[in-house]
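Report on the following structure.
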Amino acid sequence: SLGWAETGPEVWELIRSQIGSQERCWPYLSSWWRSAVQHGLEGQGKGPEDGDLLRQLLDLSAKGLSGRGLGEEKFLDPAFARLEAGENPGQVARRVFLKDGRGALLDLVSAK
């Protein structure tokens, strides 16, 4: 994100501190991404320590955006809320569909 670009050295230092070496960063992030795609924000989809690294990365992104002085950090609020809830939009849609059916899913995703 643009926020990470603004805090690039801090982002890489945080990731390196978790992974141990720069060479292992991309394979680690790639496996984390695949897990998030497959499992959403359940289990390994949130990353290590129950989402602590993800939360720190979001904080760094917010810091970078805030430093630009344009109020862009507010656009990260949904990401913080998803992490807190432990569900991404796909997980919410699946839960609603399985519990209440397609009508409820259509209500959920329809523009009001």
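The values are calculated or read from the model by the stated rules, or taken from the named source; none is laboratory data. Just so you know, these numbers come straight off a predicted model, no measurement behind them. Glycine gets a Cβ as well: all are built from the backbone with ideal geometry, and neighbour counts include every protein chain shown. Keep in mind that these areas ignore ligands, DNA and RNA; they rest on the heavy atoms of the full protein, side chains included. Shrake-Rupley method; radii C 1.70, N 1.55, O 1.52, S 1.80 Å.
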For the chain, take the longest principal axis of its alpha carbons; what is the angle in degrees between that and the long axis of helix 8-19, to the nearest 10 within 0 to 90?
80
At 1.4 Å probe size, with the rest of the protein present, what percent of the exposed accessible area of the chain is carbon and sulfur atoms?
56
Give, in nm to one decimal, the length gained when the segment between residue 25 and residue 75 is fully stretched (0.36 nm per residue of separation minus the Cα-Cα distance).
15.4 nm
Cα long-axis angle, helix 89-109 against the chain (0 to 90 degrees, to the nearest 10)
20
Rounded to the nearest 500 deg cm²/dmol, what is the calculated helix-only ellipticity per residue at 222 nm for the chain, with -39500 (n - 2.57) per DSSP H run of length n ≥ 4?
-24000 deg cm²/dmol
What nm distance separates the two modelled labels at residue 12 and residue 39, each placed 7 Å from Cα along Cα→Cβ?
3.0
Three principal axis extents, largest first, for the C-alpha atoms of the chain, in Å?
47, 33, 18
Once you order the gyration tensor axes a ≥ b ≥ c over the Cα atoms, which shape class does the range 50-107 get: rounded for a/c under 1.5, otherwise prolate or oblate by comparing a/b with b/c?
oblate
